[in-house]
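Presented below is the structure to which this report refers.
Every number here is computed from the coordinates shown, using simple stated rules; none is lab data. Since the model is a prediction, treat every value here as computed from it, not as a measurement. Positions of Cβ are backbone-derived with ideal geometry, glycine not excepted, and every protein chain shown enters the neighbour counts.
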Amino acid sequence: MIAVETAEHSAVHLDSARGWVTACGAAIVVMAGFGSIYSFTAFANDMAEEFDTGLGPISIVFGITVFLYFGSALLSGRLYDRFGIVPLLIVGGALFVGGLVATSQVTVLWHGYVLYGVGLGFGGGLFNAPLFALTATWFDKHRAMAQGLVATGSGLGTMIYVPFAQRLLAEYGWRVGMRWLAVIATAILVFGLLVIRQPPRTHVGSPRRHLSLVVRTATFWQMGTSGVLFTIAVIGTIGLIIPFSIDDGVAELAAGWLVFVVGLSSIVGRLALTSLARPLGSIRLLKIAFGGLPVAYTIWFITTRVDALGTKYGLLVVFAAVLGVSYGGFVALLGDVTAYLFGLANIGAVVGIFFFFSGTGALIGPPLLGFTHDAAGGAGVPILMVGVISLAGVLVLLPMTRHPLALATYIGPGGQPSAASAPPPRAMVPSPQPAAIPTAGSPTDGLAAAMARPLTAALRSAPPDVFWPIPSDGVPDRNGAAAPVTVSDVARSN
């Protein structure tokens, strides 16, 4: 049974210093997770040579790992809603570190499918999506920025870990390199356990009913489908950008720096786009971020038709920068858009489903690009293919609504429930400023009550697209229904 906090108490933690500390800790843990997994691209060629196989079979290791890393959120989101973040960090962290150590010992490739995939993929997935859901519950006004901070962790991981993994590869080989990554991951996970905290528990209405309403909406399936197409393109690219570039004539070290550019520009994209979320709207920016992918792949395809190595590499750097900004912005905004469109009720499960969609794309992307590369004898065909896939994703996402869904179970900031069930409104209704409530016995008491009754009745019968109900006594009743409500302005209009 989840405890119910008063509106005054539950709102205290929102946008607090404690929340920012938690967001920073989550970002560092996310950095270790993404960085360790994406380091696989630095080891791929050496592993392919040692196991005497092509890029296709090797890319399956990466595809399985990223699929489980995102896809296990289908389970971890529900576990987070029930148990909180600490057990998931402990169990997931142990599997993650164990997977790195065990993979460094494999002598048969399919063992890597299991050990690297289950260890890093499933283990990391137990805490990855819940960290994003956790951060969303700590913030209201600055939620997009906080989500961007956490998502910056994946950009830092890409930017720092891949060049570092190349150095480890050059000095010690891929096996010892993985053991060093395990040591670093252990230290970061312990740090995360010390600084990451749960927010106060708040009333969450009927989570199961809310989830059933969410999955029936067209908006949910638009986001899910576009997420699959997005990760087919992006994760496939990150997993194989180094070997593709080497095959196209780029030196190995220079190819590794392309991943650094992707990571650095993804941080720029995360911070820049999330800082613009309040004035421009997270959903509008999410669509713009996705729209950058077809542009990036057009540039990448052009590089395969350029012979001059200097010009080719310059265009590859531009491609990596555009890809990074698009990737970073999309990932950073996704958590805020999810909370904004569907509310905070059962947010761990909702975010988990979207991560599962992303994991499905990640399972498809690397093997699709790897085997297509082996069959076509070059990178041109797979690059053209992912460009078309990214364009399809843009077309799916473009018509998505920019207003929160009028769900009866919608939970707003501070854990406050929506007004009573009502059909979705046909048009946007402006949110009036809350009127002052006179004290009982004042001369204006009768007049104020007479004026308030029509407004209250109107809000109960037809709630606007965007509003945060505020119970007059600060506490929802035992059935989860709010007391007579007033409405505050919504500062963020998406």
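Charge tally for A255 (other residues, Cβ to Cβ under 14 Å; Lys, Arg +1; Asp, Glu -1): -3. Relative to one another, the C-alpha centroids of the range 114-151 and the range 65-85 are positioned 9 Å apart.
Contact order normalised by length for the range 73-228, with contacts defined as Cα pairs under 8 Å and 6 or more residues apart; what percent is it?
Details: 119 pairs, mean separation 42.0, N = 156.
Here the relative contact order equals 27 percent.
Extension gain for F191 to T311 (0.36 nm times residue separation, less C-alpha to C-alpha distance): 38.8 nm.
Using R₀ = 35 Å, calculate the FRET efficiency as 1/(1 + (r/R₀)^6) where r is the Cβ-Cβ separation of E171 and A272; round to 0.05.
Numbers: r = 36 Å, r/R0 = 1.02.
Plugging the Cβ-Cβ distance into 1/(1 + (r/R0)^6) gives 0.50.
Where Lys and Arg each count +1 and Asp and Glu each count -1, what net charge lies around L309 among other residues with Cβ under 15 Å from its Cβ? With Lys, Arg at +1 and Asp, Glu at -1, the neighbours total -2.
Taking Cβ atoms as reference points and 12 Å as the exclusive limit, the residues near L149 contribute a net charge of +1, counting Lys and Arg as +1 and Asp and Glu as -1. Each of S282, S16, V306 was placed along the dipole of the range 9-397 (beta-carbon charges, centred on the mean Cα), and the one lying farthest toward the positive end is S16.
With a cap of 15 neighbouring Cβ atoms within 10 Å, and only residues DSSP puts in a loop, list the trypsin sites (Lys or Arg not before Pro) found in the range 256-348. Display every interim value, and only then the final one.
Details: sites: R270, R284, K287, R305, K312; in loops: R305.
The qualifying sites are R305.
Report note on the peptides 101-113, 271-283, 32-44: ranked by the mean count of other C-beta atoms within 10 Å, highest first, their order is 32-44, 271-283, 101-113. Packing, as the average of other Cβ atoms within 10 Å across residues, places the peptides 340-349, 292-301, 191-200 in the order 340-349, 292-301, 191-200, highest first.
Ordering F191, V214, V114 by the projection of their Cα atoms onto the charge dipole of the range 9-397, which places +1 on the Cβ of Lys and Arg and -1 on the Cβ of Asp and Glu, puts V214 at the extreme positive end. For V215 and A375, the FRET efficiency from 1/(1 + (r/R0)^6), where r spans their Cβ atoms and R0 equals 41 Å, is about 0.65.
At a threshold of 8 angstrom on Cα-Cα distance, excluding pairs fewer than six apart, so keeping six or more, what relative contact order does the range 9-397 reach in percent?
Details: 754 pairs, mean separation 116.1, N = 389.
Relative CO of the range 9-397 lands at 30 percent.
Just the ratio, please: alpha-carbon radius of gyration of the range 222-336 over 2.2 N^0.38 Å, N its number of residues.
Dividing the Cα radius of gyration by 2.2 N^0.38 Å gives 1.09.
Dipole orientation for the range 9-397: of the candidates A375, F70, F51, F70 has the Cα lying most toward the positive pole (charges on Cβ; Lys, Arg +1; Asp, Glu -1). Sort out for me the Cα centre separation of the range 356-394 from the range 217-241, rounded to whole Å. That distance is 11 Å. The calculated P(r) of the range 50-152, using every Cα pair and 5 Å bins from 0, goes 3, 14, 19, 19, 16, 12, 8, 6, 3, 1, 0 in percent.
Size of the dipole of the range 114-245 about the Cα centre, Lys and Arg at +1 and Asp and Glu at -1 on the beta carbon, nothing else charged, in debye to 20? Intermediate results must be reported in sequence, preceding the final value.
Numbers: 10 positive and 2 negative charges, 84 e Å.
It works out to roughly 400 debye.
Cα extents for the range 9-397 along the principal axes, largest to smallest and rounded to whole angstrom: 62, 43, 34.
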